[in-house]
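The values are calculated or read from the model by the stated rules, or taken from the named source; none is laboratory data. Predicted model only: the values in this text are computed from it and were never measured. Glycine also receives a Cβ, built like all others from the backbone with ideal geometry; neighbour counts cover every protein chain displayed.
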Amino acid sequence: MINIEEVTSYKLWLKNAVSGTWEQVAISENLPITYEAPGEGIHGFRVSVVLEGDREFLIPQGTEDAQVWFCVDNTPPVVKWTGAGKTF
């Protein structure tokens, strides 16, 4: 159990979807944590908490899964319409 009154900061962790490794990508004294994804793809995240005395809890370990996954897709769709003997 974590006493929310002892929380001094929050850390955002990103899981590499290919290698499965974790990397700390942001730290904030308050929620929400702002983070801009490095590009398109599947991004998995977890949040750890740092308490007074620099005690950190909920640090992601090795094969643990992300708490939430996001898919970033900035590529516009491509549509090809064919019909009536013409391609548009």
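A few points about this structure:
- THR34, sole failed condition from (1) in contact with a strand residue (DSSP E or B) (Cβ under 9 Å, 6 or more places away or on another chain); (2) polar (S, T, N, Q); (3) touching a residue at least 12 places away in the same chain (Cβ under 8 Å): (3)
- Conditions (1) modelled with pLDDT of 90 or more; (2) surrounded by fewer than 10 Cβ atoms within 10 Å (Cβ to Cβ); (3) β-branched (Val, Ile, Thr); number of the one not met by THR82: (1)
- Test: residue in segment 40-56 that is in a loop (DSSP other than H, G, I, E, B), more than 26 Å from ASN3 (Cβ to Cβ) and modelled with pLDDT of 90 or more: yes
- Residues in segment 14-39 that are in a strand (DSSP E or B) and in contact with a Gly (Cβ under 9 Å, 6 or more places away or on another chain): LEU14, LYS15, TRP22.
- Residue ID - surrounded by the most Cβ atoms within 10 Å (Cβ to Cβ), chosen from residues in segment 8-29 that are modelled with pLDDT under 95 and more than 11 Å from the chain's Cα centre (by Cα): GLY20
- In the set (1) touching a residue at least 12 places away in the same chain (Cβ under 8 Å); (2) touching a strand residue (DSSP E or B) at 6+ places or on another chain (Cβ under 8 Å), TRP81 fails one condition alone, (1).
- Complete set of residues in segment 35-70 that are on the phi < 0 side of the Ramachandran plot, out of contact with any Lys or Arg (no Cβ under 9 Å at 6 or more places or on another chain) and surrounded by 10 or more Cβ atoms within 10 Å (Cβ to Cβ): TYR35, ALA37, PRO38, GLU40, ILE42, LEU51, GLU52, ARG55, PHE57, PHE70
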